[in-house]
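Let me begin by presenting the structure, written as structure tokens, before commenting on it.
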Amino acid sequence: MNRYTVAVLVRNQFGVLNRLTSMFRRRQFNISSITASESESGDYSRITFSFDGEENGKQQLINQLYKLPDVCSIKELSTDNSLSCELMLIKLKNDGSSREDIRAAAEAFKAETIDYTKDSIVLRVIGDSTKMDEFISLMRDFTILEICRTGTASIEKGSATLRQNLNL
């Protein structure tokens with residue numbers, strides 16, 4: 001099974017996200033992350049899906065997505081043609097016995113301390129999903145109180161844009 005990332009430009013309308021995720025469900029793809037926001041124009045939203053599946057099923061899914069009336073453009077993104085990152089906030093128990101180890105790990109992963117109290121430390125980590133998974137794995141030696149991760153944000157390299165492929 002392969003992991004794919006697809007950026008979809010849609011009309012900014014009520015219910016569009018539901019219609020798109022329903023298509024993934026019907027095609028039996030597991031969505032590992034979704035990132036959605038308005039685009040550079042308030043008329044459109046950009047939704048980035050990361051999902052697992054097989055190549056032939058992925059192409060069928062893309063063909064079906066294009067048939068939805070609010071879908072304007074679709075671009076498959078890969079590590080070769082795009083830049084991607086994810087954001088994670090992780091809250092850890094702050095105690096004297098682990099404080100220095102947590103700080104050392106945070107420094108190694110270029111994590112930024114964004115909240116510090118006598119009871120907890122909140123770190124912000126930015127990078128790819130592998131980096132996030134590795135950092136979480138390392139932090140399991142300490143007391144993780146809470147984790148919040150965004151989906152993958154991806155954009156095509158160079159001057160090409162998702163809007164250049166409008167399917168209107």
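The values are calculated or read from the model by the stated rules, or taken from the named source; none is laboratory data. All figures in this text were calculated on a predicted structure; none of them were measured in a lab. Note: ideal-geometry Cβ built from the backbone for every residue, glycine included; neighbour counts use all protein chains shown.
The table below lists the values:
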| read-out | value |
| --- | --- |
| Search result, residues across the range 1-40 that are in contact (Cβ under 8 Å) with a residue 24 or more places away in the chain and among the hydroxyl-bearing types (Ser, Thr, Tyr) | TYR4, THR5, SER32, SER33, THR35, SER39 |
| Some residue of the range 10-19 being over 20 Å from the mean Cα position of the chain (by Cα), at pLDDT 90 or above and among the basic types (Lys, Arg) | yes |
| Counted residues, the range 67-119 - those being closer than 18 Å to ARG149 by Cα and of a type in the set (Phe, Trp, Tyr) | 1 |
| Residue match in the range 143-156 (condition: assigned to a loop (DSSP other than H, G, I, E, B) and among the acidic types (Asp, Glu)) | no |
| Leading residue by the ranking (farthest from ASP141 (Cα to Cα)) among those in the range 65-102 that are β-branched (Val, Ile, Thr) and out of contact with any helix residue (DSSP H, G or I) (no Cβ under 6 Å at 6 or more places or on another chain) | THR79 |
| Where a residue in the range 97-118 is of a type outside the set (S, T, N, Q) and its partner, wherever it lies, is in a loop (DSSP other than H, G, I, E, B), with Cβ under 7 Å and at least six apart | ILE102/PHE142; LYS118/ASN94 |
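Yes or no, residue by residue, for (1) surrounded by fewer than 11 Cβ atoms within 10 Å (Cβ to Cβ); (2) among the acidic types (Asp, Glu); (3) touching a helix residue (DSSP H, G or I) at 6+ places or on another chain (Cβ under 8 Å):
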{"position": "ALA104", "(1), (2), (3)": "yes, no, no"}
{"position": "VAL125", "(1), (2), (3)": "no, no, yes"}
{"position": "SER129", "(1), (2), (3)": "no, no, no"}
{"position": "LEU138", "(1), (2), (3)": "no, no, yes"}
